[in-house]
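Participant: Got a structure here, written out as structure tokens. Questions coming.
All of the numbers you see were taken from the coordinates with simple rules; none came from a lab. Owing to the predicted nature of the structure, the values given are computational and were not obtained by experimental measurement. So basically every Cβ, Gly included, is an ideal-geometry build from the backbone, and we count neighbours across all protein chains shown.
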Amino acid sequence: MSSRSDRAPMRGRLTVAACLTLVASAAAVLTACDKNRTDVAGGAQPASTFYIGPQPGPDRALPVAENPYHGDRTVLAEGRQLFNKFNCSGCHGDHAGGGMGPSLRDSSWYYGGSESDIFASITEGRQHGMPAWGSKLPRDQIWKIVTYIKSLRTPDEPDPPR
Ligand code: HEC
């Protein structure tokens, strides 16, 4: 006495079994591939250093840009000139004391006050009205401006306000 309703669950089971077999063999193939890859790499590299490419998301270490002029007083005057020439002073005020844009002389920073933070603010731009300069100025000049900004309120500041 077999009806459709009797056989249906059986067919279902067979399908599940078939699927499991497929998954198992796929896993076997993947494992085999993985093995090959390790063999090719000589097994020398642990998997954690195997980078595939750019990965989105904040939880990864980005390389920190370093100022090639760090502590170099000879670029300060040029940094100040660039600051005025590209009209940073138009928004941030002469001597960067603040205007339509925030003061860059005080000790508070919205986006961080390290050299690499300031470099990032200038190159990328910031959402509330700070233009991005990365495609307009050479990195070299941006670093000189960063060096100038870091010199503000220090004895090294060129042409300080009086
Ligand atoms: C059109 C006006 C304008 C110009 C021109 C401009 N800025 Fe800005 N800048 C702003 C504004 C507004 C902000 C604040 C943005 C925000 O809060 O998101 C800002 C933010 C910044 C910050 C981040 C400050 C912080 O507290 O973290 C830095 C650094 C900076 N500007 C540097 C510069 C430099 C250097 C130049 C010239 C190459 C420049 N800006 C040109 C308007 C300007």
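Participant: Once you have the Cα-Cα distance between Asp94 and Val64, take 0.36 nm times their residue separation minus that, and quote the gain in nm to one decimal. It would help to have the intermediate numbers written out before the result.
Facilitator: Details: separation 30, 0.36 × 30 = 10.80 nm, distance 2.93 nm.
Separation in residues times 0.36 nm, less the Cα-Cα distance, equals 7.9 nm.
Participant: Now a separate question. Using the Karplus equation 6.51 cos²θ - 1.76 cosθ + 1.60 (θ = phi - 60°), what ³J(HN,Hα) coupling, rounded to whole Hz, does each residue of segment 59-64 give in order, writing x for Gly and Pro?
Facilitator: Each residue's phi maps through the Karplus curve to give 8, 9, 7, 8, x, 8 Hz.
Participant: Using a Förster distance of 25 angstrom, determine the FRET efficiency expected from the C-beta separation of Tyr110 and Asn87, and round it to 0.05.
Facilitator: 0.80
Participant: What residues from segment 80-110 fall in the zone where the backbone N is under 13 Å from a label point 7 Å along the Cα-to-C-beta line of His128?
Facilitator: Hits in segment 80-110 for His128 at 13 Å: 99-103, 109-110.
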